[in-house]
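This report concerns only the one structure given below.
The values are calculated or read from the model by the stated rules, or taken from the named source; none is laboratory data. If you're wondering where the values come from, they're calculated on a predicted model, not measured in any experiment. Reconstructed Cβ throughout: ideal geometry from the backbone, glycine too, with neighbour counts over all protein chains shown.
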């Protein structure tokens, strides 16, 4: 009875907190975004060389130090073991492999469990979607007894793509009390460092270790691996792709605050709220900006810019104001400057598209769909369409 009462009190408190947030565009404060193409010492970046050798590393470092944490670059050893296999999964349409990726460091190890389906289409290698699963593992059930629109593996296989997934809890349990029981066991020094990574950094790091495996799998075209995530998984997806340029394409679904949404807009979820309710997601330094967001040296348009020149696709939902749809769109709009250095003009307009009108034909894609905070078949179908177009362009430009 006491637990139920406590639960009710927490729900009421959360509802009060949500209702207190700003959902009125007229109350968005005036702000100035950091210039993507101006270095901290005031130089304007005009070339690809200056971007790649100077400004991009500078932006990446500022995100590491102030938001997501510094990601470890080395480990002692990594192994891959196929623990289950079915060459005729999905009624013969797919080849299932369940793989354990084991990383060793600091005299300990951590296991990342990967579920991978590749199409039985006669091709020696296939493009793939790697999904960071932030929900229950039943959503990515390898037996396919349980099927979910959250991870429509059959639809992806039918489209000619491989589809893979791992669960965030393998890398860092999504809980403030035990998030250290994963990757951080390998890097205990991270825990006491103000710029040390926490849960979302661990999830992104784990995605890169899965990429280490995918590079060895002959059924995968390693040059065409896209990374996908929803909500907090979408935040990790963007950070993983910023740190690891091996990801060919990026899909962040309803990623919201410290994902695609501009922090300075103070609309919906804020930096202070996310740091208060999820203090184990981002590094300690990020909390310094809870009440001083305009002094943060970065904002999320700069995170999107780190994807350039790779294709990136973000989404929102009409009823998901918590994730600030307009702020998320403006982030990709302002990120265009980095793409223009490469001769790519995504041609995004300042005004976002209406609901259910996806921007598919540009290097930066976007849609807002009708509905709630979720990952749906509509979202996945547009991810596949976007990937088809981007890969077709690669072939045409060869």
Step by step: first the residues of region 156-169, then only those that are in contact with a strand residue (DSSP E or B) (Cβ under 7 Å, 6 or more places away or on another chain) and assigned to a loop (DSSP other than H, G, I, E, B), then the one that is nearest to residue 74 (Cα to Cα). Which residue is that? 161
Here's a check for you: in region 170-208, which residue that is part of a loop (DSSP other than H, G, I, E, B) and touching a helix residue (DSSP H, G or I) at 6+ places or on another chain (Cβ under 7 Å) is surrounded by the fewest Cβ atoms within 10 Å (Cβ to Cβ)? 194
Is it true that some residue in region 67-80 is more than 25 Å from residue 280 (Cβ to Cβ), touching a strand residue (DSSP E or B) at 6+ places or on another chain (Cβ under 7 Å) and surrounded by fewer than 12 Cβ atoms within 10 Å (Cβ to Cβ)? yes
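Residues checked against (1) surrounded by 22 or more Cβ atoms within 10 Å (Cβ to Cβ); (2) under 14 Å from residue 167 (Cβ atoms); (3) modelled with pLDDT under 95:
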residue: 105; (1), (2), (3): no, no, no
residue: 111; (1), (2), (3): no, yes, no
residue: 115; (1), (2), (3): yes, yes, no
residue: 123; (1), (2), (3): no, no, yes
residue: 133; (1), (2), (3): yes, yes, no
residue: 137; (1), (2), (3): no, yes, no
residue: 144; (1), (2), (3): no, no, no
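Kindly indicate whether residue 232 is out of contact with any strand residue (DSSP E or B) (no Cβ under 6 Å at 6 or more places or on another chain), without any contact (Cβ under 8 Å) to a residue 40 or more places away in the chain and under 17 Å from residue 206 (Cβ atoms). Talk me through it step by step, then tell me what you get.
Details: out of contact with any strand residue (DSSP E or B) (no Cβ under 6 Å at 6 or more places or on another chain): yes; without any contact (Cβ under 8 Å) to a residue 40 or more places away in the chain: no; under 17 Å from residue 206 (Cβ atoms): yes.
Judged against the criteria, residue 232 is not a match.
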Of these, 21, 4, which one is at pLDDT below 95 and either touching a strand residue (DSSP E or B) at 6+ places or on another chain (Cβ under 8 Å) or surrounded by 12 or more Cβ atoms within 10 Å (Cβ to Cβ) (or both)? 21
If you take just the helices (runs of 4 or more DSSP H) that sit entirely in region 263-356, which of them hold at least 3 residues that are surrounded by fewer than 19 Cβ atoms within 10 Å (Cβ to Cβ)? 271-277
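Confirm whether residue 211 is in a helix (DSSP H, G or I), out of contact with any helix residue (DSSP H, G or I) (no Cβ under 8 Å at 6 or more places or on another chain) and either surrounded by 21 or more Cβ atoms within 10 Å (Cβ to Cβ) or at pLDDT 95 or above (or both).
Yes, satisfied.
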